[in-house]
Each structure stands twice: as C-alpha cells, then as structure tokens.
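Accompanying notes for the structure given below.
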Amino acid sequence: MFRIFRNFTKRDYLFLFGGVLLVASQVGLELKMPDFMSEITRLVETPGSDIRDILFNGGLMLLCALGAFFATILAGYCFARASASLSMNVRKKLFDKVEELGMHEVKKFSTSSLITRTTNDITQIQMFVAMGAQMLVRAPLTAIWAITKIAGKSWQWSTVTAIAVVVLLSIMISVLSVVIPRFKIVQKLTDRINGVTREHLTSIRVVRAFNADKYQEQKFDKVNHDLTSTHLFNERMLSLLSPAMYLVMNGVTLAIYVTGAYIIANAAVPDRLGIFSDMVVFSSYAIHVIFSFLMVAMVLMLMPRAQVSAGRINEVMKEKITIKDGTFDDETTEKGTVEFRNVSFKYPDAEEYLLRDISFRAEKGETVAFVGSTGSGKTTLVNLIPRFYDATSGEIFVDGVNVRDFKQEALHNRIAYVPQKAVMFDGSVSYNVAYGDNGREKTSEAAVKKAIKTAQAQHFVEKMPDAYDAHIAQGGTNISGGQKQRLAIARAIARDPEIYIFDDSFSALDFKTDAALRHELKKQTGDATNLIVAQRIGTIMHADKILVLDEGKCVGMGTHHELMKNCPVYQQIALSQLTEKELNV
C-alpha cells in the first residue's frame with residue numbers, strides 16, 4: 001500500500017495536508033457544540049436567565065454547525081482531488097509497465113486480469129484515499145478530543161462508555177475477520193468475469209455459428225453467481241455493523257441517563273443542575289467516541305480491499321522485465337540484413353525446446369521464406385527478430401548488430417511486422433494504415449494511398465462510404481478477413497522499413513490477389529528484405545531462400561527447385577498442395 005502512495009505529487013500532498021487541517025477544524029467545531037448545549041441547558045434551568053444569552057449560545061451553535069458543514073465539503077474536495085490524481089498517476093505507470101512487459105509476462109497475468117488491475121483495483125485505492133483517509137484522520141481526533149472532554153466527569157459514565165466500546169470492537173473484529181479473506185476472492189472473480197465476457201464478445205461469430213449461446217450463458221451465469229454470492233455474503237456480514245452501532249449508541253445514551261438519574265437522585269439539590277448539565281454533555285461526547293470507533297470500522301472495511309488491490313498492482317509493477325532495452329540506436333554499416341547464429345528457443349515455463357540450432361542469413365533485398373507443418377516453430381522464429389521473445393541460446397543480428405544491443409525503438413523502426421491475425425484499431429482507414437511512428441516522419445496522405453494501392457486494397461476502400469476516411473470498428477469487425485489482411489499489409493508498406501516480416505499474412509487472400517500483391521510489393525519495396533511465413537507453397541516458391549522447419553529444426557534450406565530435389569519434407573508439403581506441373585518439377 002505504501003509503495004502505491006509514493007505516486008502522490010507535491011501538489012497532492014498539499015491537498016492532503018489541507019484536507020487534514022479542514023477535518024481537524026470540522027472535528028473541533030462539532031465537539032464545541034455540546035459545550036454550548038450545556039450552557040443553554042444551564043441557562044434554561046436557571047431562574048432569571050436572559051433570553052438573549054440563550055439565543056447568543058444558540059447562534060454560536062449554528063455558526064459551528066455551518067462551519068463544520070463547509071469544512072466537510074472542502075475536506076471532501078481536497079481528498080477527492082488527491083485520490084483522483086493518485087489514481088491517474090498509478091494508472092499511467094501501470095499502463096507503461098504493461099507496455100514494457102514481454103509476451104510471456106502478459107500471458108502470465110492474463111489480459112482480463114491486467115484490465116481489472118488497471119481499472120477496478122485502482123478504483124478501490126481511489127475510494128480508500130477519498131473516503132477512508134478522511135475517516136482515518138477524523139476518528140482518532142474525535143476519540144481523543146471527546147475523551148479529554150469527558151475525562152474525570154464520572155467514573156460510572158466512563159465505565160458504561162468503555163463497556164460499549166469493547167462490545168463494538170468485539171463485533172467489528174468478529175465480522176471483519178470473516179469478511180477480509182473474501183475480498184481477495186472477489187477481485188479474482190472479477191478477473192474471471194471479465195475474462196468470460198471478453199471471450200464471449202471476441203468469439204461472438206463462432207458462438208452463434210455453433211449455437212453455443214446457452215452454453216456461454218451458463219458459463220457466464222456460474223461466474224456471475226459466484227461473484228454475486230461472495231459479494232452478498234460480504235455485504236450481509238458488513239450490514240451487521242450498522243444496526244450494532246446504533247444499538248450500542250442508543251444503549252450508551254440510555255445507560256448514561258439511567259445512571260445519571262441515580263446519581264442526580266442521590267445528589268444534593270444545589271448540585272443536581274450541574275450534574276444534569278454534565279450528563280447532557282457527557283452523552284453527546286460518548287456518542288462521538290462510539291462514532292469514532294465506527295469510522296475505524298468503516299476504514300477497516302475499505303482498507304482490506306484497497307490492500308488486496310494494491311498488492312495486485314504491485315505484482316505487476318515489481319514483475320521483472322525479461323526483455324531489457326539495449327543502448328544502440330546509431331546508423332549501421334549494413335542495411336536490411338538478418339542473421340541467426342545457432343539459435344535455440346524454449347518458452348520460459350516449458351521443458352522442451354521449440355527451436356533448435358537455427359542458422360541462416362538474409363541479405364538486403366532478399367526474400368526469405370519459412371515453411372513447415374503446424375507447430376514447427378515458424379511464427380516463433382520470426383517473433384524473435386523484433387524481440388517479442390529473446391532466444392534461449394545463440395545470437396540474432398539485424399543490420400550486423402545483435403538485437404539485444406539495440407534500443408527496442410531503434411530495432412522496431414527498422415522492421416514492419418504483419419502478424420498472423422490482422423489487428424485493426426477503432427478509427428478511419430487512413431488512421432489504421434498510417435498507425436504508429438517509423439522514427440522518421442509522419443506518414444503522408446499520398447504514402448497512405450500508395451500503400452493501400454500496393455496492398456491491393458484500393459478497390460474495396462474506395463467503394464466504402466467516405467473511402468479513406470471510412471470508419472473501421474475495433475478489431476475490424478465491419479470488414480472481411482481478407483480486407484483486414486490487406487490493410488495490415490498496407491500499414492507495413494506505409495512504414496517503409498528495411499525489413500518486412502509477414503507471418504502467414506496472405507492466408508485469407510485468393511491466389512490472384514496474392515500473386516498481384518507480391519508482384520507489386522516486390523516492385524514497390526525496392527531493396528527491403530522480406531521474411532515470409534506461409535502455409536501455401538504458391539506464396540513462397542519464388543523466394544530467394546526457403547527454410548524448411550520440422551519439429552523446431554531446419555531440415556532444408558535453398559530455393560524451391562533445390563528443395564524439390566533434396567528435401568523430402570518440402571516435397572511432401574508441396575505435392576500435397578500443387579501438382580508437379582504447377583510446381584515446375
């Protein structure tokens with residue numbers, strides 16, 4: 001929790017300090033009012049008292065009430081302002097941290113959990129600062145001030161008040177000891193319900209196509225029921241505190257007046273008025289003492305959830321970054337080269353290697369393709385180049401420099417990456433194509449249109465309403481898979497990099513569009529190096545170099561004609577897709 005509080009700014013501390021002063025003022029004004037009430041009681045019971053004295057003390061009580069009212073409003077603003085600022089700062093740092101995490105770390109936490117930590121968990125901390133901090137200041141001030149006011153008045157009344165405090169504390173401890181462990185369960189269930197909801201929304205077409213709506217509903221209902229029942233249990237237990245508090249408060253008042261009645265009855269007549277006045281004041285201050293302990297209970301209700309949330313946020317913030325940034329961002333003597341030297345890779349939590357002893361070199365302007373059966377490690381191999389993962393052993397060089405030595409920004413500025421699943425952002429066609437920063441200059445409108453034309457997307461884009469300004473929904477749900485792939489390829493072309501990485505990026509294209517796109521791509525990209533992962537032999541048979549992967553090993557390397565002669569794995573893949581005539585054998 002204290003680690004989170006380090007994100008307060010100097011201005012936030014000023015607001016917090018101002019809020020503490022205002023809360024102290026509020027407590028002082030509220031606890032001054034019983035004194036005026038005591039004086040009014042004494043004046044009313046004293047024969048010959050002047051009505052103006054009573055009205056004067058009543059006016060002072062009213063001023064105290066108004067002062068406490070405005071102090072409460074201003075204190076609430078100060079704490080709300082500081083808590084909102086803290087929330088903003090923590091959310092930004094958490095988002096930045098998530099951006100730094102490698103793919104393995106993101107999978108470790110899960111997307112739904114990271115969303116919950118960035119939203120719900122930070123909200124819990126914000127609520128604690130905005131509401132709990134006020135009570136955390138007010139409760140001890142009220143208790144200490146009230147106790148000093150009633151100390152020495154009557155041991156009988158003090159005993160009654162002490163018994164009430166012990167009873168209230170016993171109830172609080174019993175309830176909170178049951179509820180606190182369940183707050184962590186609530187946050188985990190919130191992660192789960194986010195995950196189920198996200199899964200359903202992103203897979204809505206498959207769900208409907210397989211008539212799995214009821215199954216998804218049942219799945220959601222189970223998680224929702226678990227979360228709701230846990231919430232209800234917590235709220236039911238916590239709801240016991242409110243009636244318990246009122247029972248104790250009213251019981252204390254009744255006990256003080258009953259005890260006071262016996263004290264007054266046994267006192268001398270001249271002393272009875274003073275005792276009655278003290279009893280009125282004592283009962284008011286006793287209520288404040290009890291109420292201060294109730295505020296402690298409310299803080300204890302907010303604090304566990306905030307602590308759980310802070311712990312979850314700190315888990316992410318303390319996560320060790322495995323992909324560490326290098327320092328190199330200068331110009332290189334080589335351009336557009338990629339080299340693997342005895343590279344092996346396994347996932348951090350895996351026992352078996354996914355890639356074993358891979359070595360090859362791609363020269364500037366070459367097209368190097370990777371082919372193999374499903375699970376042979378093709379995508380993993382190209383993901384090592386932009387450092388989505390780091391090689392377990394061996395070295396990878398881009399432009400003659402080890403990728404580990406590059407600043408990640410400098411490395412990524414040399415590469416344009418088109419993933420297996422085309423990613424579209426909420427915005428216009430032009431926004432999606434011109435997305436990101438290539439480290440040189442903003443992509444111009446002319447460059448966007450040229451990239452779209454090269455990617456064979458001009459035909460459908462210009463038919464859309466508003467053409468290049470047409471809206472693309474998040475995830476590209478309002479366009480087809482082939483259209484998404486072509487726009488993703490156009491985004492890479494507009495970046496004008498040294499190296500293109502196409503990770504099975506032509507799979508949704510028909511053969512005619514595929515051929516036309518590759519022809520235009522070769523013509524437009526000039527000396528850029530192309531690394532292509534593909535399942536279709538027709539896409540890569542004209543590559544300068546083809547690497548054949550089988551169970552993580554390179555079992556063949558060469559041109560299409562060379563591999564058709566000496567690589568059985570490649571022959572098997574090729575002949576399963578095309579005839580010998582089509583393969584030019």
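Derivation of every value follows stated rules applied to the coordinates shown; laboratory data play no part. The structure presented is a predicted model; accordingly, all values stated were derived computationally and were not measured. All Cβ positions, glycine included, derive from the backbone under ideal geometry; neighbour counts span all protein chains shown.
Equivalent ellipsoid semi-axes for the range 491-585, as square roots of 5 times the alpha carbon gyration tensor eigenvalues: give them largest first, rounded to whole Å.
So the three semi-axes of the range 491-585 are 24, 16, 12 Å.
Pop out the ³J(HN,Hα) list for the range 8-17 in order, Karplus 6.51 cos²θ - 1.76 cosθ + 1.60 with θ = phi - 60°, rounded to Hz; leave Gly and Pro as x.
3J(HN,Hα) across the range 8-17, in whole Hz: 5, 8, 4, 5, 4, 5, 5, 5, 5, 4.
Using the Karplus curve 6.51 cos²θ - 1.76 cosθ + 1.60 with θ = phi - 60°, work out ³J(HN,Hα) for each residue of the range 89-101 in order, rounded to whole Hz, and write x for Gly and Pro.
Running phi through 6.51 cos²θ - 1.76 cosθ + 1.60 with θ = phi - 60° gives 5, 5, 4, 5, 5, 5, 4, 4, 5, 4, 5, 7, 5 Hz.
Find, among the GluC sites (Glu not before Pro) in the range 342-373, those assigned to loop by DSSP (not H, G, I, E, B) with at most 16 other beta-carbon atoms within 10 angstrom.
For GluC sites (Glu not before Pro) across the range 342-373 that sit outside H, G, I, E and B with at most 16 neighbouring Cβ atoms in 10 Å, the list reads 351, 352, 363.
Given 10 °C and 1.306 mPa s, how large is the Stokes-Einstein diffusion coefficient of the range 161-309 in µm²/s, with Rh as the Kirkwood radius over Cα pairs?
Value of D from the Cα-based Kirkwood radius: 82 µm²/s.
Could you point to the label whose value was computed as P(r) over Cα pairs in 20 Å bins from 0, in percent for the structure here, given [x] 13, 21, 16, 15, 13, 10, 7, 3, 0, 0; [y] 19, 47, 29, 4, 0; [z] 15, 35, 24, 16, 9, 2, 0?
[z]
Using DSSP to define loop residues, name the GluC sites (Glu not before Pro) in the range 242-343 whose beta-carbon has at most 15 other beta-carbon atoms within 10 Å.
Here the GluC sites (Glu not before Pro) that fit, given the DSSP loop and packing criteria, are 331, 334.
Tell me the label-point distance for the pair residue 147, residue 515, using the 7 Å Cα-to-Cβ offset, in nm and rounded to one decimal.
9.0
Going down the list 108/318; 346/565; 378/450; 107/378, which pairs span over 23 Å between their C-alpha atoms?
Pairs exceeding the cut-off: 346/565; 378/450.
If one takes the longest principal axis of the Cα atoms in the chain, at what angle in degrees, from 0 to 90 and to the nearest 10, does the Cα axis of helix 133-150 lie?
10
For the chain, what does the helix formula give at 222 nm: sum of -39500 (n - 2.57) over DSSP H segments with n ≥ 4, over the residue count, nearest 500 deg cm²/dmol?
So the helix-based figure for the chain works out to -21000 deg cm²/dmol.
Report, by chain and number, residues whose modeled amide H sits under 5 Å from the one on residue 472, excluding near sequence neighbours (fewer than 5 apart, same chain).
Placed amide hydrogens put 427, 428, 429 under 5 Å from residue 472.
Could you give the angle, 0 to 90 degrees to the nearest 10, between helix 445-454's Cα long axis and the longest principal axis of the Cα atoms of the chain?
In the chain, helix 445-454 runs at an angle near 50 degrees to the longest axis.
Three principal axis extents, largest first, for the C-alpha atoms of the range 2-317, in Å?
90, 41, 29
Could you compute Rg(Cα) / (2.2 N^0.38 Å) for the range 396-466, with N its residue count?
Here the answer is 1.36, to two decimals.
Using 0.36 nm per residue of separation minus the Cα-Cα distance, give me the extension gain between residue 349 and residue 565 in nm, one decimal.
Using 0.36 nm per residue and subtracting the Cα-Cα distance, I get 73.9 nm.
Angle between the Cα long axis of helix 481-495 and the longest principal axis of the chain, 0 to 90 degrees, nearest 10?
Value to nearest ten degrees: 90.
Which of the peptides 13-26, 198-211 is most tightly packed, and how do the rest follow, going by the mean number of other Cβ atoms within 10 Å of each residue?
13-26, 198-211
So which aspartates and glutamates can residue 522 reach, going by Cα to Cα under 16 Å and dropping same-chain residues fewer than 8 places off?
Residue 522 reaches 363, 366, 496, 498, 514, 544.
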